[in-house]
1. How large is the Rg to Rh ratio of chain B when both quantities use alpha carbon positions and Rh follows Kirkwood?
2. Rounded to the nearest 0.05, what FRET efficiency do A:H79 and B:L81 have when you use their Cβ-Cβ distance and R0 = 41 Å?
3. Rounding to the nearest 20 debye, state how big the charge dipole of chain B is about its Cα centre with +1 on each Lys and Arg Cβ and -1 on each Asp and Glu Cβ.
4. Run down the lysines and flag those whose C-alpha is under 16 Å from the C-alpha of A:K129, throwing out any fewer than 8 positions away in its chain.
5. Would you mind telling me which residue in A:M241, A:M271, A:M62 has the biggest mean-square fluctuation in a Gaussian network model of chain A, where springs connect alpha carbons within a distance under 10 angstrom?
6. Where both residues lie in chain A, what percent of DSSP beta bridges are antiparallel, nearest 5?
7. From the residues B:S56, B:T66, B:A107, which one has its Cα farthest along the dipole of chain B in the positive direction, the dipole being from +1 and -1 charges on Cβ of Lys/Arg and Asp/Glu about the Cα centre?
8. For A:V339, list long-range residues whose amide hydrogen, built 1.01 Å from N in the peptide plane, is under 5 Å from its own amide hydrogen.
Amino acid sequence: MREVRHGTARLLVVDDNKVNRLLLTRSLELQGHSVASAENGRVALEMLRRENFDCLLLDMEMPEMDGFQVLEVLVADLHLRDLPVIVTSSLEGIETVVRCLELGAEDYLPKPVNPVLLKARLGASLEKKRLRDQQKEWMRRFATREVAQDLQESGFALGGKRIRATVMFSDIRGFTGLSETQTPEETIELLNTYYTLMFDAISGHGGIVTLMAADGLMAVFGAPLPQPDPCHSAVRTALEMLDTIDLFNLERDAAKKPQIKIGIGIASGDMVAGYAGTNERAAYTCIGDTVNLAARLESHTKVAGRPILIDNATNAAIVDRLGTESLGQVPIRGKAKPVDVYSVNRDQKA
Amino acid sequence: MDETTIDRATYDELRDTAGSEFVVELVDTFLVEAPRLIDELRSAYDKRDADVFRRSAHSLKSNGNTFGARTFAAMAKDLELGGFGPVVAAGGAPLDALAAEYGRVAAALSELRNA
């Protein structure tokens, strides 16, 4: 995504006719824009996938891949479907205009393109794109890329669907005591650094953070977008989080600050994932027994004295690749029967 | 110059909005591209390739309109919309007529370009 500054945009002109291409490029450059050009739809799509553009000015009648085909590809492409397209064509008949608009074109300008009309239509398209980009940016900041993508694809609706995924809870040990020994500013700084490090580890393995509460966080692997191996990704994330905290503690040690320790609980299985809240304010979250179990396992790390605890389902999925140790059956609050609990070894063979 | 060969108002507006030097470049490009497109049109007619025939005629129409070559653009439009059926019926005459009109357009544009 690019920000359009001072009315100057990066534009792509697509036309098989050299005279038309030169003339439209010239008109746009005279309006202060930066313009690239392509001689057919295939070349244009290659450029669009390589480079960011603010608007596409598209001819319809072209060899190899015509404008209609380009519009069809764009509308099906998640990364390109929001790109505004202004069709510039001298095709005859109102049905052509209707078909272009139905395929997602923002506007239609007949050739020869009138420069005044071009400026006005382009300005309107760029402004709409700027607002859309701004909305997406806000959504990314508050929702994570995956949730933003899910919302973009499926739209927003309260309610959930049953999925299989892996949930992780993580918490800083003794955080309350730690907060009392330092200023609120230091605590916020610590939390911000901690979140940054943990978010990097989680998103680096395809997980999303669905909840942040003081020093605790909840992450999901395998939702809203499916993941091939969510159990393995979650456990790998947990190991990376511990390694990161070790490095962070070296820095804190050097600054004569107390070390921090974290506990992590992971469980896999069925859960209900979706948007909970109200139509005005909602969050993407997962609920169910699996989620409760992960939270309990995180809490049990204090009792067990082990940093990463996982459930039976997670262990079964990773045990052939990562070293774990059975802690036997453990009574867990909220569960009628004791559950199998495993500790993940810190030292893993590569 | 016959006004139906090149409509001066259209040409002057093009020159004023795009700039004199640029229009010289644009005319030169057209004088290279148009004969190629006319050849393409003839070849598509010989091969009965409807897509290429329509596309070439469409391109020539579009460029004719850009420079104000009204008659030329109208002839190209007839070919674009009519396909090669009427051309076959007329023994290829409309293609010869288009090529002849292009000769007049090229001469007029060359004159304007050097003015």
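Computed from the coordinates by the stated procedures, all read-outs in this text should not be read as laboratory data. Remember, it's a predicted structure, so these values are computed and weren't measured experimentally. Neighbour counts are summed over all protein chains in view; Cβ atoms, including those assigned to glycine, are modelled from backbone coordinates with ideal geometry.
1. 1.00
2. The pair A:H79/B:L81 has a calculated efficiency of 0.65.
3. Its charge dipole is roughly 360 debye.
4. A:K119
5. It is A:M62.
6. Of all bridge pairs located within chain A, approximately 65 percent are antiparallel.
7. B:S56
8. Result for A:V339 returns A:V330, A:I332.
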